[in-house]
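Where a number appears in this text, it was derived from the coordinates with a stated rule and is not lab data. All values derive from a computational prediction rather than experimental measurement. No Cβ is skipped: glycine too gets one built from the backbone with ideal geometry, and neighbour counts run over all protein chains shown.
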Amino acid sequence: MKPWLKWLLTIVAILLILVCIFCCIYIYQYFRGASLNRSFLKMSSPEPAASPAEPESEPVQPEEPEAEPEPAEEMPAMESTVDFAALAEINEEIYAFLEIPDTTICYPVVQSGEDNLYYNTHAVDKSYYTGGSIYSQSYNAKTFEDPNTVLYGHNLRSGDMFGLLGNFADVDFFQAHPTIYIHMPDQVLQYRIFAAYPYSNEHLLLNHDFSDPAEFDDFFATIRSDYALSGNFDEDAFPVSGDRVLTLSTCYSGNRSMRFLVQAVLVETYAIQTGEDAA
Amino acid sequence: MNMRRILALLLIAVLLCGMLATLALASGGDVTSPESGNTNVIQKETSPQTGEPFSVGLVLVAAVFLCGAAAVTLKKAASC
C-alpha cells in the first residue's frame, strides 16, 4: 500500500483518539459533578416541615432573647441541618441553601462576584462541570430581600440540579410539593409555590422592574391570565406588590427559546434554632 | 472504476446545485428587507441557557465507537 495512505490513516487514528479523550474528560467531569451534588442531599433537613408546618400553634422561641437581635424575638424558630461552615470551606461564594422537601432539589446557592455566567458551567467547588450550579446573578442581592430573586439551574436529563422542575407541570406533583426553603446562615425562609409554567427566554430582571409596584402587579396579573392553560397556579398564593418572590428558572426541555419557571412567595421567616436553644 | 466516476459526477452535481441555490439567493439585490432602515429594534436580554448540551449516554457511546474506530484505523495503518 502507498506510504501516504499509512500517514493518512495514522493522522485519522490520532484525531479519533483525541476526540475519544475529550469524550472521556466530559464523562469524568459529568459524574464528578453529579457525585458532588449528591453529597448535599445529606444536608437537607431530615424533617423539614416538622417545625415550621404549624408555626402559629407552637412556635419554638429562642430562650435567650438578650443574645439575639430584636427581630429574632418575634420570629418562629426552626432547626437547620445545613452546615454553612463546611460549605464555606468548599466555596466562600455559597451564601444560601435551596431545599424543596421530598425532592432531590437540595443544593447550595452561589453567586459569582465577577462573572454572572460563571456558575452556569462550574460546580460549587469551582471545578468545570457542564451541569453548573444553582446560582443567582448580581442583579439580585444575596439577602433574598428583592421583590423577585431569580435562581438558575440546568435542566439535566438525570434529574439533577433543576431537572425535576419540569415535574411541577404535573398538577399532582405541583399540589404535593407546595413549599421551598431557603436556608441562610442566620435564618430560614419559607416560600409557598404559586406558579409553574413555561415562559419565554426573556431575562426577567433585565426586562421588568419588579421594584415598581405597578409593574410587579401587572406582571403577575399577565401571568395569571395568559398562562392559565399552560401552567399550574395556586390562585390563593399569588403575590401582590410588597411581597418577596423567588423564581426558579431552567430550560424548557427541547426548546432553547423557552424557560420553565417555578415561582413562590415568601410566607414565613424562621430564626435558626441551635442545639442550645432546643435544650 | 465506473462506479467511482458516477459517484464523483453525482457529488459534483450536488455541489453545483448547492452553489446555484446560494447564488440565486445572493443575487437577489432588488429585494429589500422589510426591516431595512429600521433602527428602532428592541432586542430583549435573554436569561442564561440552562439546557444540557450533550446526553452523557450519547457521549459514552461515542467514546466507545471512537475508541474502536481508532483501533481499527491504527491496525490498518500498521499493516500498510
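Let me know the mean shielding of A:21-32 by other chains, meaning the per-residue number of their Cβ atoms within 10 Å of its Cβ. Please list the in-between numbers first.
Numbers: counts 3, 4, 12, 5, 2, 7, 7, 0, 1, 5, 1, 0.
The per-residue average across the peptide is 4.
If one takes the longest principal axis of the Cα atoms in chain A, at what angle in degrees, from 0 to 90 and to the nearest 10, does the Cα axis of helix A:213-226 lie?
On a 0 to 90 degree scale, this one is about 60.
To the nearest 0.05, how large is the calculated FRET efficiency for B:Met19 and B:Cys80 if R₀ is 45 Å and r is the Cβ-Cβ distance? All intermediate terms of the calculation are to be shown ahead of the outcome.
Values: r = 36 Å, r/R0 = 0.80.
E(calc), rounded to 0.05, equals 0.80.
What residue among A:Leu98, A:Leu41, A:Leu16 has the largest mean-square fluctuation in a Gaussian network model of chain A, using Cα springs under 10 Å?
It is A:Leu16.
Evaluate the relative contact order of the range A:220-279 (contact order divided by residue number), counting alpha-carbon pairs under 8 angstrom at least 6 apart; express in whole percent.
Working: 39 pairs, mean separation 15.3, N = 60.
Computed over the range A:220-279, the figure is 26 percent.
Find which of A:Leu156, A:Gln137, A:Phe84 sits farthest along the positive direction of the dipole of chain A, computed with +1 on the beta-carbon of Lys and Arg, -1 on that of Asp and Glu, about the Cα centre.
Farthest along the dipole direction, towards plus: A:Leu156.
Got a sec? Charge dipole of chain B, +1 on Cβ for Lys and Arg, -1 for Asp and Glu; which of B:Ala21, B:Ala78, B:Ser36 is way out at the positive end?
Highest projection toward the positive end goes to B:Ala78.
Please report the spacing between the Cα centers of the range A:212-273 and the range A:149-207 in Å, no decimals.
A separation of 9 Å, based on Cα centres.
Classify chain A: rounded, prolate or oblate, from the alpha-carbon gyration tensor (a ≥ b ≥ c, eigenvalue square roots; a/c under 1.5 rounded; otherwise prolate if a/b is larger than b/c)?
Numbers: a/c = 2.40, a/b = 1.61, b/c = 1.49.
Note, shape of chain A comes out prolate.
What order, most packed first, do the peptides B:12-21, B:63-72 have when packing is the mean number of other Cβ atoms within 10 Å of each residue?
Taking the mean over residues of other Cβ atoms within 10 Å, the ranking is B:63-72, B:12-21.
State which entries of A:Lys42/A:Lys142; A:Lys42/A:Lys126; A:Lys126/B:Lys76 exceed 32 angstrom in Cα-Cα distance in the structure shown.
Long pairs (Cα-Cα over 32 Å): A:Lys126/B:Lys76.
For the range A:115-232, what does the relative contact order come out to in percent, with C-alpha contacts under 8 Å and a separation of six or more?
Working: 129 pairs, mean separation 19.8, N = 118.
Rounded, it is 17 percent for the range A:115-232.
What is the antiparallel percent of DSSP beta bridges lying wholly in the protein assembly as shown, to the nearest 5? Could you put the intermediate results ahead of the total?
On the way: 41 of 51 bridges.
Beta bridges within the protein assembly as shown, antiparallel portion: roughly 80 percent.
Give, as a single signed number, the net charge of other residues whose beta carbon lies under 13 Å from the beta carbon of A:Lys42, with Lys and Arg counted +1 and Asp and Glu -1.
Details: positive: A:Arg38; negative: A:Asp83, A:Glu99.
Residues near A:Lys42 contribute -1 overall.
Remind me, relative contact order of chain A in percent, using alpha carbon pairs under 8 angstrom and six or more residues apart?
Values: 481 pairs, mean separation 52.0, N = 279.
Here the relative contact order equals 19 percent.
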